[in-house]
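The values are calculated or read from the model by the stated rules, or taken from the named source; none is laboratory data. None of the values given here were measured: they were computed from a predicted structure. Using ideal geometry, Cβ is built from the backbone for each residue, glycine included, and neighbour counts are taken over all protein chains shown. SASA here: full protein model, heavy atoms, side chains in, ligands and nucleic acids out. Shrake-Rupley method; radii C 1.70, N 1.55, O 1.52, S 1.80 Å.
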Amino acid sequence: MGLPPDTHVHSEWSWDALAGSMESTCQRAVQLGLPSIAFTEHVDHTVWLGPRDVVPEWPPEHPMVRFRDASGRVTPPPFDVDGYTESLDRCRSKFPTLRVLSGVEVGEPHRHERAVAEILSAATFDRVLGSLHAAEGGFREPAELYAERQAHDVVRDYLAEVIQVVEDSDAFSILAHIDFPLRYWPQRLGPFDPFVMEEEFRSALRVTAAAERVLEINTVLPLDATILGWWREEGGRAVTFGSDAHEPSELARNLREAAAMAEAVGFT
């Protein structure tokens with residue numbers, strides 16, 4: 001089985017991709033034999049509350065330091081559409097055998113309708129991912145939320161707002177990482193059991209399918225096969241695969257296994 005396209009990749013044009021490089025990522029894609037790649041750069045407007053203390057080992061150029069004010073709030077910088085587009089054109093010329101797609105990952109699009117619309121009108125994007133990174137108005141690291149609240153409540157609230165994202169925004173066609181909070185699931189609680197929150201997941205998946213969106217299998221933490229099966233049962237018709245790479249070495253991670261899982265569930 002060959003590798004599927006990697007349709008969720010970040011480069012230096014994403015504000016949090018400190019080691020990102022569009023050209024180096026394209027070079028690695030050719031080496032790996034990827035059929036295509038989509039650079040879906042972060043378009044974020046939500047102010048991050050950030051960790052309470054700056055981690056000492058972070059370098060000054062780290063996004064959580066560089067864009068952090070005295071109160072600890074981190075404001076993502078504007079997305080440079082022109083610079084991104086020029087870089088994309090250079091890579092398409094330099095790597096003619098690789099299909100290089102344009103894209104953005106819009107964070108919390110239901111909260112920033114006007115700002116997102118302005119970005120999407122500034123260029124033509126082949127892929128628009130919608131994502132939710134926080135369910136509490138401002139971004140807080142999931143690990144911090146888990147330390148303050150019951151872990152299942154954190155996931156439950158996240159899935160409830162996923163429904164809002166889908167119902168309140170038509171800016172995107174692909175829902176990214178529906179299992180985002182599980183990346184940070186407290187190890188002290190043991191493995192996450194999706195059946196404990198089956199109805200919550202099914203509700204979010206049902207709404208997403210009814211809106212005719214595509215579900216991403218994000219391979220940072222490979223999507224649980226049980227959840228993928230629920231997606232199909234709730235009417236989901238398609239999936240995409242995304243490594244969510246923020247540097248070239250992360251490109252295509254776990255994609256082959258994700259494709260095999262999708263086929264086993266019934267997607268072709």
Condition set assigned to a loop (DSSP other than H, G, I, E, B) and under 19 Å from the mean Cα position of the chain (by Cα), scope the stretch 85-125, selection surrounded by the fewest Cβ atoms within 10 Å (Cβ to Cβ): answer is ARG111
Of a type outside the set (Ser, Thr, Tyr), under 20 Å from LEU49 (Cβ atoms), buried (at least 19 other Cβ atoms within 10 Å of the Cβ) and in contact with a strand residue (DSSP E or B) (Cβ under 7 Å, 6 or more places away or on another chain): is that true of VAL155 in this structure? no
Is it the case that the stretch 73-84 has a residue that's hydrophobic (A, V, I, L, M, F, W, C), more than 20 Å from GLY242 (Cβ to Cβ) and either modelled with pLDDT of 95 or more or open to solvent by less than 50 Å² (accessible area, probe 1.4 Å) (or both)? yes
When the residues of the stretch 1-49 are filtered to those that are of a type in the set (D, E, K, R) and assigned to a loop (DSSP other than H, G, I, E, B), which remaining residue is farthest from PHE125 (Cα to Cα)? ASP16
Being assigned to a helix (DSSP H, G or I), in contact (Cβ under 8 Å) with a residue 24 or more places away in the chain and closer than 29 Å to SER102 by Cβ is true for just one of ALA264, ALA252, ALA259. Which residue is that? ALA259
Take ASP44 and decide whether it is surrounded by 15 or more Cβ atoms within 10 Å (Cβ to Cβ), acidic (Asp, Glu) and either out of contact with any helix residue (DSSP H, G or I) (no Cβ under 8 Å at 6 or more places or on another chain) or over 26 Å from VAL166 (Cβ atoms) (or both). yes
Residues being crowded, with 19+ Cβ neighbours inside 10 Å, part of a helix (DSSP H, G or I) and free of Cβ contacts under 8 Å to residues at least 40 places away in the same chain: count how many of those fall in the stretch 207-220. 1
Determine, yes or no, whether VAL165 is open to solvent by less than 40 Å² (accessible area, probe 1.4 Å) and either aromatic (Phe, Trp, Tyr) or part of a helix (DSSP H, G or I) (or both). yes
Residue count, the stretch 226-248, condition in contact with a strand residue (DSSP E or B) (Cβ under 6 Å, 6 or more places away or on another chain) and either surrounded by fewer than 22 Cβ atoms within 10 Å (Cβ to Cβ) or not acidic (Asp, Glu) (or both), comes to 9
Meets criteria (hydroxyl-bearing (Ser, Thr, Tyr), modelled with pLDDT of 95 or more and exposed (fewer than 14 other Cβ atoms within 10 Å of the Cβ)) for THR7: no
Single match in LEU251, LEU189 (criterion: surrounded by 20 or more Cβ atoms within 10 Å (Cβ to Cβ) and either modelled with pLDDT of 95 or more or more than 18 Å from the chain's Cα centre (by Cα) (or both)): LEU251
